[in-house]
Amino acid sequence: MERSEAGAIKILTVVGARPNFMKAAPIIAAINAHNERLVTGYAGRPESRVETIRHILVHTGQHYDEVMSGSFFNDLNLPKPDIHLGTGSGSHATQTAEIMKKFEEVLLGEKPDTVVVVGDVNSTLACALVTSKISFDSDGSRSVIAHVEAGLRSFDRSMPEEVNRILTDHVSDLLFVTEESGLQNLRNEGVPADKIHFVGNTMIDSLLHFKEKAEASTILEKLGFLGQGRKNGGANSSTRYALLTLHRASNVDNRGVFLNIMAGLEELATDCPVVFPVHPRTRRRITEFGFEFSSSGSARKHKENVPGSGNWRGGIILTDPLGYLDFLCLMKHAALVVTDSGGIQEETTILGIPCVTVRENTERPITVECGTNTMAGTKTDAIKDAIRRQLGGTRGNGVPKNWDGRAGERIIDILVRRHYKKTSFRSSRIPHTEPLEGRYACP
Ligand code: UD1
């Protein structure tokens with residue numbers, strides 16, 4: 001049984017790994033905006049009840065480096081976490097179990113009305129699972145579990161993220177969906193329609209909000225790509241370049257697959273510089289496999305380790321992982337992005353930048369339908385072909401439904417109305433800018 005106490009609503013949001021931060025930021029911003037509206041709405045009427053949302057931010061510590069976590073809090077204006085579980089790295093089982101043990105204590109102490117989990121990382125599943133099994137009292141009351149970015153499916157159960165997605169969705173009470181395929185997948189899996197809400201994409205809320213601010217990034221200058229554009233007040237790169245990210249275990253933990261992918265980039269790297277911010281997992285593998293980046297851009301076995309960040313290695317420039325604003329700036333001005341990330345497929349869709357995804361499948365088919373993204377797999381020739389096609393083709397310009405910067409606002413609107421519907425508090429007393437209900441409920 002879910003909790004249904006009257007009074008102020010208490011929401012606990014979980015973040016843990018890099019892709020969580022930009023998905024959670026708009027939800028926290030929407031909570032702040034809601035609270036401000038309430039305070040303003042009740043100003044001069046102290047007799048009226050002011051039911052602001054109490055928010056608690058929990059960081060599991062799945063990612064802990066400054067470059068993987070800390071810098072994102074600054075860039076995205078995220079508040080300092082109220083609670084940090086300090087979990088750190090480990091095998092899937094160890095990491096998930098550690099988060100579960102620590103999160104259980106937090107949940108029992110805080111007893112929030114709603115636990116919001118985002119995305120598909122181990123922290124997402126760990127905290128959803130704990131919440132689904134906790135009882136706060138003898139009635140078995142517990143927090144509502146809200147999953148943001150629900151319903152995405154790659155139909156590839158060898159991906160840890162796919163297991164996390166399916167299990168999280170099936171223990172959640174509210175499923176906030178980003179694209180049409182998510183609705184369909186949840187329906188096919190028998191999830192009741194009243195749990196599902198097509199709200200849009202909070203990661204895109206962040207992108208739209210920070211797109212202009214990212215222009216102030218100095219990353220293009222640091223890479224030596226900036227010419228007249230900056231002097232004229234813009235960040236337009238005078239150097240044509242491509243951007244590469246690789247971190248998926250299936251791509252970088254296997255030496256052969258990693259080499260095939262790098263060989264697929266050979267032509268691209270002779271055509272233009274390829275900026276490669278290297279994820280810690282990937283950096284470790286580069287060192288372990290003894291890869292050196294040759295001038296043609298391919299990786300080969302070499303005695304030397306790959307040196308530190310920012311060094312030219314022919315056509316491929318290795319850097320440390322970048323902050324949110326620097327990376328957004330680089331994406332905006334790139335001729336092409338090659339990636340195995342899920343979120344970057346979505347971000348390039350909105351930016352209208354051609355994207356080559358080095359995976360066999362995507363859980364985000366809307367990015368292919370909109371025309372910016374193409375699936376290349378991990379075979380050398382297929383990657384080369386996809387790059388040629390993407391560089392030569394016309395740019396897609398479709399905007400997925402509800403990717404309009406208001407997903408966080410819709411989510412908070414639903415959570416608040418749902419909470420007060422179950423209490424004696426009249427939801428008509430909640431001030432809001434315009435009625436959102438009905439535009440995004442599951443049809
Ligand atoms: C995790 C997510 C993946 C997401 C990715 C973004 C899961 C199953 N995977 O993968 O979906 O796309 O984050 O980065 O949750 N490390 C550091 N510093 C850090 C964090 C990690 O050095 O701050 C190193 C550690 O050696 C660690 C390795 O990176 O063992 C992998 O980190 P982990 O969180 O296990 O998975 P990711 O590959 O980052």
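Screening VAL399 with (1) of a type in the set (A, V, I, L, M, F, W, C); (2) in a helix (DSSP H, G or I); (3) open to solvent by 30 Å² or more (accessible area, probe 1.4 Å) gives one miss only, at (2).
I'd like the full set of residues that are over 17 Å from THR13 (Cα atoms), away from the ligand (no atom under 13 Å from the Cβ) and of a type in the set (S, T, N, Q), limited to region 59-78. Within region 59-78, just ASN74 meets the criteria.
Note on region 234-262: residues that are assigned to a helix (DSSP H, G or I), touching a residue at least 24 places away in the same chain (Cβ under 8 Å) and farther than 22 Å from GLN345 by Cβ total 2. With under 20 Å from VAL116 (Cα atoms) and modelled with pLDDT of 85 or more as the only criterion, which of ILE387, ILE383, ILE412 stands out? Only one candidate passes the filter, namely ILE412.
If I filter region 361-370 for residues that are open to solvent by 10 Å² or more (accessible area, probe 1.4 Å) and within 16 Å of the ligand (Cβ to nearest atom), do I get at least one hit? Yes - at least one qualifying residue is present in region 361-370. Scanning region 273-302 for residues that are assigned to a loop (DSSP other than H, G, I, E, B), surrounded by fewer than 16 Cβ atoms within 10 Å (Cβ to Cβ) and at pLDDT 80 or above turns up just one, GLY290.
In region 16-28 there is no residue that is at pLDDT 95 or above, open to solvent by 40 Å² or more (accessible area, probe 1.4 Å) and either assigned to a loop (DSSP other than H, G, I, E, B) or more than 12 Å from the ligand (Cβ to nearest atom) (or both).
Just checking, which of GLY308, GLY315 is at pLDDT below 95, crowded, with 23+ Cβ neighbours inside 10 Å and not polar (S, T, N, Q)?
Just a single option satisfies the conditions, and that option is GLY315.
Every test in (1) touching a Lys or Arg at 6+ places or on another chain (Cβ under 8 Å); (2) in contact (Cβ under 8 Å) with a residue 60 or more places away in the chain is passed by SER132 save one, and that test is (2). Looking at VAL171 and the list (1) within 17 Å of the chain's Cα centre (by Cα); (2) farther than 19 Å from HIS59 by Cβ, which single condition is not satisfied? All conditions pass for VAL171, except number (1).
The values are calculated or read from the model by the stated rules, or taken from the named source; none is laboratory data. What you are looking at is a predicted structure, and each value in this text was computed from that prediction instead of being measured. All Cβ positions, even for glycine, are placed from backbone atoms using ideal geometry, and neighbour counts span all protein chains on display. Heads up: the accessible areas ignore ligands, DNA and RNA and are worked out on the full protein's heavy atoms, side chains in. Shrake-Rupley method; radii C 1.70, N 1.55, O 1.52, S 1.80 Å.
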